[in-house]
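Input: a single structure, listed below in structure tokens.
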Amino acid sequence: MTTVILAHGEFPSSDRTLGFLKHADRIICCDGAAERLLAEGIVPDLIVGDMDSLPSELQQRYAGIVRKISEQETNDLTKAFKAALEPMPDTIHILGATGRREDHTMANVSLLADYAEMLSGSGCDIDMITESGTFRAFCAKDARFSCPLGVEISIFAFDNTLRMSCEGLFYKTDRVTFDTLWKATLNHSTAEEFSLHLNHPAKVVVFICS
């Protein structure tokens, strides 16, 4: 089963990103994105959030699929992610998590690493789809990714004790100190897959351009 989570950032606009919505087995929508999604003629399976962004008229009309969660310790994307685990899908695609506000974009991308850690060992794969590519995340010592030959790759990590070697990338990462986010960005693939090898398990986010 494939679940799509739609956040309240940039609404999918290309055939590629809209295709994830159209082919999802289940759509869970953050409340801020629900009005636009409904205007597109797509009714989600669940609308999740504190409902501060969804007009009361729509809350009433779609009461059967509205799950109001008032607590403010987590954002609406995390509330939607937790709802997506019931039942556990095979794949989760997050759409609309970037764009609009840069602070929300940075927060949501960093959350992807937390979600990947939570899903470790579950058999569920998760990514974040944007108009320009795909964010993937892992929390392990090794990871392997498929990609087109020559595509741009950026790696983000949050641990200055981390050391990482790579295969299938043009610029080697062995001497990178991950003390700031830009250190392993703007690389590119030299094969149709690349692998990363860490000196210890760590949260890592990878961006693969489309």
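The values are calculated or read from the model by the stated rules, or taken from the named source; none is laboratory data. Everything quoted here is computed from the prediction, not taken from an experiment. Here Cβ is always computed from backbone atoms with ideal geometry, including for glycine, and neighbour counts include all displayed protein chains.
Quick rundown of the values:
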{"read-out": "Those residues of region 16-36 which are among the small types (Gly, Ala, Ser), out of contact with any Ser or Thr (no Cβ under 9 Å at 6 or more places or on another chain) and surrounded by 15 or more Cβ atoms within 10 Å (Cβ to Cβ), in sequence order", "value": "none"}
{"read-out": "The one condition in (1) of a type in the set (Asp, Glu); (2) within 27 Å of PHE11 (Cβ to Cβ); (3) at pLDDT below 95 that ASP179 fails to fulfil", "value": "(2)"}
{"read-out": "Number of the condition not met by THR98 [criteria: (1) loosely packed, with under 15 Cβ neighbours inside 10 Å; (2) of a type outside the set (Lys, Arg); (3) in contact (Cβ under 8 Å) with a residue 24 or more places away in the chain]", "value": "(1)"}
{"read-out": "Some residue of region 61-77 being buried (at least 19 other Cβ atoms within 10 Å of the Cβ) and within 13 Å of the chain's Cα centre (by Cα)", "value": "yes"}
{"read-out": "Criterion (in the same structural domain as MET118 (by TED's automatic domain parsing) and closer than 27 Å to SER210 by Cα) met by exactly one of GLU86, GLU40, GLU57", "value": "GLU40"}
{"read-out": "Selection within region 124-169 - basic (Lys, Arg) and within 28 Å of GLY9 (Cα to Cα)", "value": "ARG136"}
{"read-out": "Hits in region 93-113 (condition: within 18 Å of ALA83 (Cβ to Cβ) and either at pLDDT below 95 or hydrophobic (A, V, I, L, M, F, W, C) (or both))", "value": "ILE94, LEU95, ALA97, ASN108, LEU111, LEU112"}
{"read-out": "Unmet requirement for HIS104, which otherwise passes all of (1) assigned to a loop (DSSP other than H, G, I, E, B); (2) within 22 Å of ILE27 (Cβ to Cβ)", "value": "(1)"}
{"read-out": "Which listed residue is at pLDDT 95 or above, touching a Pro at 6+ places or on another chain (Cβ under 9 Å) and of a type in the set (A, V, I, L, M), from ILE129, ILE153", "value": "ILE129"}
